Amino acid sequence: MVSAAATAGLAAVDPPAPVSVGDDVPHSRPGRSLIRLQGVHKAYSNGTVALRDVDLEIGQHEFVSLLGPSGCGKSTVLRLIAGLGDLSAGQIEWPLSRVDAGGSPDRDLGFVFQEPTLMPWATVFDNVFLPLRLAGKSRRAMRDQVEEALAMVHLEGFANAYPRELSGGMKMRVSIARALVTRPKVLLMDEPFAALDEITRFKLNNDLLRLWQDNSFTVIFVTHSVYESVYLSQRIVVMAARPGRVIADARIGAAYPRDDSFRTSDAYNRYCREISESLHRAMEPPA
Amino acid sequence: MTAVDTAPAAVQPDDLDSAPVFATAPKRWTETTWARVGIPILIGILFIGLWEVLVYALGIRRFVLPRPSMIAVALVEHFGSLMASLWYTLKVTFVAFGLALVGGVALAILFVQSRVIELALFPYAVILQVTPVVAIAPIVLIWTGLDNVYLALLILAWIVAFFPILSNMVLGLRSADHNLINLFQLYGASRWQILRRLQLPSSLPYLLGGMKISGGLALIGAVVAEFVSFSGGESGIAWRIIESGNRLETERMFAALILLSAAGVTIFMVLHGLQHLALRKWHESALKREN
């Protein structure tokens, strides 16, 4: 199950160099960036610099984690990619996407927040249907597509339940179904499982990996957990705070599918240790 | 212990543990319900009995404090004319409440859409609210003319009922979950879609809370306005109270009061029921917890 690629691994770099996507990773396609961040700078009106000079390329069907302490701007990166908020400097390109008349790219993404962020007055079906409804689609025409999204997260039979009737893990599943219902190219996830208990989190980790393998979307996953990022990702972008910046870009070479035997393997431990070390460097004050 | 009332097909036991329970089973007539209804009734009967006996024993004069039995007789005797008067007052109340609801919601939506409009108008809404309606009544009456008292009553009751709706609705519209707003923006939702699909449903609990306050206030406003402007051909329940006072028919005064209170309680209960119906499926306030 665990590939010998444990020897590949880590290229901790400071300042970050452009990432070259290796051939050892089955899902990536070299040279075909889906999203390209160049010199991205974000300062708030109170003077706080949230991000300084972030360069990042994300390929098609990659699984990338943004890892770092709180305040390192990893969620800000995610929101900027989603088009929420303006850049202070730099640019975010979508080389493979169409550009509309107003000059903004067709982003084609789904977003999962840290909270399930469901509409409490609407049923599970209506919550998942929301992105399609906002796009002007009719409920009747989209019924199958919504039900398919619910089936993907194992929530068949819950279409008419209200969010309050569901447990935390189930609400998060609804949130994931809503993000996937439009069949997006990119799934952005902002610490989606941080509030869940460990057993539920492991289960959702596995479900997420299965969905990613079965479909062709890219995942950009924000987390502060070394263990979660190593378990899930092909690639981990380590960030540091004050100001928010990228300090390392590491590859996790272990093959997919990954399961609980990977979680307990030596290779997994070694990756975790290496990532932890670069994270500790991130916590130290800049020289 | 825990159950989901939709009887799901694919239950995942490890995932269901902390799901809260909504009460959907028919309510049982329990001991506590008996206590909640029975004890106040018992207290009421005792109080009325004591009143009857004391007034009789102490020889208190009828026009100072009539016995409950006399009030009951007056209530039956004058029921027709009192109900007609009450209906007049209630018409003012309902129309004023309806206009307050429409106006308050519309203005709140306007405020939330445009900061400039809010800055321009909100202070005046506050001034209208904090100035006692009794003090405004004479000038409103002059403007409408004494032959148009109904319109004056309507305006005065509306002023009182309007503000709770406006301020609660503004608060409600602003309370929409920020992440949900982001989500709507992400999917390119228009302002109208955000209003219709997110802000209006989010504000519903606030609006219903405001309506409960405002419904009672509309009745109070109508009665106070009648007191200040009593004259003219038509007459509401407040006018009956003043008339009875002038004639020292104190028992008729009490009878009118009883009807007025009953009307107020009914308005409250109807709005309370509406709130329950609208929120029982999803809102925190309708949730039954076992601890």
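The values are calculated or read from the model by the stated rules, or taken from the named source; none is laboratory data. What you see is a predicted model; the values in this text were computed from it and never measured. Quick reminder, even Gly has a Cβ in these numbers, built from the backbone with ideal geometry, and neighbours come from all protein chains shown.
Quick notes on this structure:
- Within the range B:136-150, the only residue that satisfies the criterion of being within 26 Å of residue B:108 (Cα to Cα) and out of contact with any helix residue (DSSP H, G or I) (no Cβ under 6 Å at 6 or more places or on another chain) is B:136.
- The range B:188-291 holds helices (runs of 4 or more DSSP H) entirely within its bounds, and those carrying 1 or more residues that are over 27 Å from residue B:132 (Cα atoms) and either within 14 Å of chain A (Cβ to nearest Cβ) or among the aliphatic types (A, V, I, L, M) (or both) map to B:191-194, B:200-228, B:250-279.
- Taken over the range A:43-86, residues that are within 20 Å of the chain's Cα centre (by Cα) and more than 14 Å from chain B (Cβ to nearest Cβ) amount to 24.
- Inter-residue pairs, beta-carbon under 6 Å, first under 10 Å from residue B:74 (Cα atoms) and in the range B:247-265, second in a helix (DSSP H, G or I) and polar (S, T, N, Q), 6+ apart: B:252/B:244; B:253/B:244
- Assessment of the range A:104-117 against the conditions (touching a residue at least 60 places away in the same chain (Cβ under 8 Å), among the hydroxyl-bearing types (Ser, Thr, Tyr) and within 14 Å of chain B (Cβ to nearest Cβ)) yields no matching residue.
- The range A:87-101, subset surrounded by fewer than 19 Cβ atoms within 10 Å (Cβ to Cβ) and outside any strand (DSSP E or B), residue farthest from the chain's Cα centre (by Cα): A:101
- Filter pass, residue A:151 being out of contact with any strand residue (DSSP E or B) (no Cβ under 9 Å at 6 or more places or on another chain) and within 28 Å of residue A:223 (Cα to Cα): yes
- Total residues in the range A:165-174, condition at the interface with another protein chain (Cβ under 9 Å from one of its Cβ atoms), under 28 Å from residue A:227 (Cβ atoms) and not in a loop (DSSP other than H, G, I, E, B): 4
- Among the residues of the range B:114-168, those that are in contact (Cβ under 8 Å) with a residue 12 or more places away in the chain and small (Gly, Ala, Ser) comprise B:125, B:137, B:152, B:157, B:161, B:167.
- Scanning the range A:156-164 for residues that are surrounded by fewer than 21 Cβ atoms within 10 Å (Cβ to Cβ) and more than 8 Å from chain B (Cβ to nearest Cβ) turns up at least one hit.
- Count of residues meeting criterion [buried (at least 18 other Cβ atoms within 10 Å of the Cβ) and over 30 Å from residue A:107 (Cα atoms)] in the range B:146-202: 21
- Residues that are buried (at least 23 other Cβ atoms within 10 Å of the Cβ), in a helix (DSSP H, G or I) and more than 12 Å from every other protein chain (Cβ to nearest Cβ), drawn from the range A:175-195: A:176, A:177
- Qualifying residue in the range B:108-119 (condition: within 11 Å of residue B:159 (Cα to Cα), aliphatic (A, V, I, L, M) and in a helix (DSSP H, G or I)): no
- Taking the conditions (1) modelled with pLDDT of 95 or more; (2) farther than 30 Å from residue A:81 by Cα in turn, residue B:184 satisfies each one other than (2).
- For the range A:137-151, the count of residues that are of a type outside the set (Phe, Trp, Tyr) and within 9 Å of chain B (Cβ to nearest Cβ) is zero.
- Inter-residue pairs, beta-carbon under 9 Å, first without any contact (Cβ under 8 Å) to a residue 12 or more places away in the chain and in the same structural domain as residue A:89 (by TED's automatic domain parsing) and in the range A:40-52, second surrounded by 13 or more Cβ atoms within 10 Å (Cβ to Cβ) and of a type in the set (Gly, Ala, Ser), 6+ apart: A:44/A:50; A:44/A:88
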